[in-house]
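The structure under discussion appears below in the form of structure tokens.
The values are calculated or read from the model by the stated rules, or taken from the named source; none is laboratory data. None of the values given here were measured: they were computed from a predicted structure. Here the Cβ positions follow ideal geometry from the backbone for every residue, glycine too, while neighbour counts run over all protein chains shown. What goes into the accessible areas is simple: the full protein's heavy atoms, side chains included, and nothing from ligands, DNA or RNA. Shrake-Rupley method; radii C 1.70, N 1.55, O 1.52, S 1.80 Å.
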Amino acid sequence: STMADYRNVVARLEDAFGTLRLEQLTAARIERWRGEQIEKRHIGNRTANKERTVLRGIFELARAPRYGYGSNPVDAVSKLTEQPPAALDFYSSEEVWALVWAAASDQDGATFLSAAFSGLRRGELIALRWRDVDFAGHSIRVSGSYSSGELSLPKWGKVRSVPMVDELAAVLAKLGQPESYTGDDDLVFPGKAGDYLDGSALRRRYAAAQKKAGLRPLRFHDLRHVFGSLAIRRADLVQVQAWMGHSNVETTMRYLHHRPQAADAALL
């Protein structure tokens, strides 16, 4: 999905500037185009900044020794002020279990629980194979992600291992019974024929389970925040960053205010 976003941005840049030489693309021209995009497409400052970042990256490539272009005009185009991100909203552990019990199948329930108690992204869950579930080592190895019909490395290209808590291990062990696809190369959460699960259909079943359990509607991705908020209570920032596969620690720091302060207060 990240790559699809990049391709869409590049397509818009090509439409706007594809016929120009690099030296014709000045900061003033970029500023004017950005203003037009905000007005025509009604995009926010965050989206405009993302498009600026992509354009800047293109010019940085042009400045590499291989091409030898001079300056980067995007540096003269200031970033727009963004609204601070909204506070994270996610389910409590009790609400997660209510969601699991309301799931249409044991596999769906195990998928929801895995997202909440291991922090795997939806594409990472769909790509997960039994060889990556280490019951003896109490861990899950995240080595792939499946989205839009393509199998790739996890986001940011980071293969990682995540601790597997006992509650999740018990549910996965029950799921991996002989009558199902449980060979090392088989998917943990397969589709009906043992192939990759349909992510859109999973999202629809997730919404149905939310409604049945009487829970407020949250994105499937918000299940991942349950893991982050629980992990930060026991582990340090660097550990949580590694487990969640964040590219920078600033992303992980969003969970810090969910850490209980009693120990810190006692320390002071």
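Odds and ends about this structure:
- Within the chain, helix-based [θ] at 222 nm, where runs of 4 or more DSSP H residues each add -39,500 (n - 2.57), nearest 500: -14500 deg cm²/dmol
- Remark: the stretch 124-268 carries 57 Å² of accessible area per residue (probe radius 1.4 Å; ligands, DNA and RNA excluded).
- Against the rule of thumb 2.2 N^0.38 Å, how large the Cα Rg of the stretch 88-141 comes out: 1.19
- Between helix 45-62 and the chain there is an angle of about 70 degrees, using the helix long axis and the longest principal axis of the Cα atoms.
- Relative contact order (%) - criterion: Cα under 8 Å, at least six apart; region: the chain: 18
- Here the chain exposes an accessible surface that is 53 percent carbon and sulfur, computed with a 1.4 Å probe and the other protein chains kept in place.
- For the stretch 193-240, Kirkwood radius (reciprocal of mean inverse C-alpha pair distance, Å): 12.9
- Neighbourhood charge, 14 Å Cβ-Cβ cut-off, centred on R160 and excluding it, Lys, Arg +1 and Asp, Glu -1: +2
- Against the empirical 2.2 N^0.38 Å (N residues), the stretch 2-88 has a Cα radius of gyration ratio of 1.14.
- The stretch 39-160: radius of gyration over Cα atoms, expressed as a fraction of 2.2 N^0.38 Å: 1.54
- Coarse-grained scattering of the stretch 114-154 at q = 0.23, 0.31 Å⁻¹, given as base-10 log I(q)/I(0) from a Debye sum over alpha-carbon atoms: -0.72, -1.11
- Of all aspartates and glutamates in the structure, those lying under 12 Å Cα to Cα from K50, and not within fewer than 8 positions of it along the same chain, are D5, E82.
- Mean projected area (nm²) of the alpha-carbon convex hull when the chain is viewed from all directions: 19.1
- Helix 166-175 vs. the chain, principal-axis angle (Cα, 0 to 90°, nearest 10): 80
- Entry note, the stretch 85-231: relative contact order of 34 percent, from Cα contacts under 8 Å with a spacing of 6+ residues.
- The stretch 16-141, relative contact order [Cα under 8 Å, separation at least 6], %: 15
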